[in-house]
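A short write-up of the structure that comes next.
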Amino acid sequence: QTGEPTADSSLLPTYWVSRAARQHVKVVLSGDGGDEWFAGYDRYHALRVLDRHGWWLRHVPASLTPPDGRRPDSTRNRLHRLFHAARGRTPAARYRSMVHLFREEEISRLCPGIECEGVDMPRWPDCDDGVLAAMIWDRSHYLPFDIMRKVDRAAMPNALEVRCPLLDTLLVEWAGRISSRALMHDKRLKGLLRQVAGKLLPDAIVQRRKKGFSVPIGRWFRDELRQPLSERLFDGGLTRLGLKRAPIDRMFEQHIHCQADHSHRLFALLTLSIWQDWLATTSKAQATE
């Protein structure tokens, strides 16, 4: 229990790796911050594409590339998200379309009365370079409020200290003065960092494709975790928070029948349900003291 809902399933492998590492060491080094300071996310490349071709991509019907529920990282799904993001009227809206868990209409169905339409990213940087603006936003929001918290909460229960050399003050001050185009040298994610690392590390490491730190949570939800997930989602806790059951049931059915990939949305709802149950239990215990 992290004390708040955590809609990031990579918390699980981070905890397991921390537990395994603690059996051998007390302190480890991580690469956290590398993606946000050296342009390492695929979505940065997508923003670059939209900056150049968004004027015509926004007219491509998303129906030409319907989502593939069986393969969330497929090219078809990536194109579907790209075409959907191209419809954003502002850079902030386009980026929000790339990183959101729930679309506006999904939130409206889950929580009728909540107005989400037209809401952009909070405190979006005033920057002409859309990629750099996204990187700055990630540095001030995504990195401290998701990545760093997740790692801290996964490592601390295992008495493991995690240090982040790529967040060294002098290094981030230097990286912060470099344009996104230079950071993406040769139009590659983390291109400049790869170029520097190539002088110190073997090509097998430097040229290796980026791999996410994830678990097959979507497949687990369809197989071994299907029943526990169902019990958690429909035990009444989410409805007590004001969420409607019908759209949750629809997402659950679509996911288990591979009609759509709702892995991250279902994980978010699962952690929200667990948090609500923990909060209710804690409140009762405090009331009886």
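The values are calculated or read from the model by the stated rules, or taken from the named source; none is laboratory data. These figures come from a predicted structure and were not determined experimentally. Positions of Cβ are backbone-derived with ideal geometry, glycine not excepted, and every protein chain shown enters the neighbour counts. Surface accessibility is based on the protein's heavy atoms, side chains included, excluding ligands, DNA and RNA. Shrake-Rupley method; radii C 1.70, N 1.55, O 1.52, S 1.80 Å.
Of all complete DSSP H helices in the chain, those with a Cα span along the helix axis of 15 Å or greater and a mean Kyte-Doolittle hydropathy of -0.5 or more are 11-22, 263-288. In this structure, residue 105 and residue 280 have a Cβ-Cβ separation that, at R0 = 35 Å, corresponds to a calculated FRET efficiency of about 0.75.
Each label point was placed 7 Å from the Cα along the Cα-to-Cβ direction; for residue 206 and residue 182 their separation is 1.9 nm. Take residue 284: with every protein chain present and a 1.4 Å probe, its accessible area is about 140 Å². Modelled label positions at residue 244 and residue 145, each set 7 Å beyond Cα in the direction of Cβ, lie 2.7 nm from each other.
Counting only protein chain heavy atoms and rolling a 1.4 Å probe, the accessible areas of 11, 29 rank, largest first, as 29, 11.
So if R0 is 22 Å, what FRET efficiency would residue 170 and residue 90 give, r being the distance between their Cβ atoms, rounded to the nearest 0.05?
The calculated FRET efficiency here is 0.05.
Note on residue 178: accessible area is roughly 30 Å² with a 1.4 Å probe, heavy atoms of protein only. The length gained by stretching the chain between residue 197 and residue 213 to full extension, at 0.36 nm per residue less their Cα-Cα distance, is 3.7 nm.
Separation of the alpha carbons by more than 24 angstrom is noted, of 26/199; 150/210; 150/199; 150/211, for 26/199; 150/199. Within the listed set 25, 60, 162, the Gaussian network model of the chain (springs between alpha-carbon atoms below 10 Å) gives the highest mean-square fluctuation for 25.
Per atom type, the chain shows carbon and sulfur on 54% of its accessible surface, probed at 1.4 Å. Helical runs (DSSP H, four residues minimum) scored at -39500 (n - 2.57) apiece and divided by the length of the chain put the mean residue ellipticity at 222 nm at -15000 deg cm²/dmol. Here P(r) over Cα pairs in 5 Å bins from 0, in percent was computed from the coordinates, and among (i) 1, 6, 13, 17, 19, 18, 13, 8, 4, 1, 0, 0; (ii) 1, 5, 10, 13, 16, 17, 16, 11, 7, 4, 1, 0, 0; (iii) 1, 5, 10, 13, 14, 12, 11, 10, 9, 7, 5, 3, 1, 0 the match is (ii). Within the range 135-175, name every residue whose backbone N is under 18 Å away from a label modeled 7 Å from Cα of residue 128 along the Cβ vector. Flagged as within label range: 135-136. Projecting the Cα atoms of 145, 174, 164 onto the charge dipole of the range 133-289, computed from C-beta unit charges around the Cα centre, puts 174 farthest toward the positive end.
For the chain, modelled as a Gaussian network with Cα springs under 10 Å, which listed residue fluctuates most, 86, 154, 182? In the Gaussian network model the winner is 182.
With θ taken as phi - 60° and the Karplus curve 6.51 cos²θ - 1.76 cosθ + 1.60 applied, the whole-hertz 3J(HN,Hα) list for the range 58-63 is 5, 9, 7, x, 4, 5 Hz, x standing for glycine and proline. If you take the Cα centroid of the range 1-66 and the Cα centroid of the range 76-135, the two points sit 16 Å apart. Note on the range 178-234: with charges restricted to the Cβ of Lys and Arg (+1) and Asp and Glu (-1), its dipole about the Cα centre is near 320 debye.
If you plug the beta carbon distance of residue 70 and residue 225 into 1/(1 + (r/R0)^6) with R0 = 22 Å, you get a FRET efficiency near 0.80.
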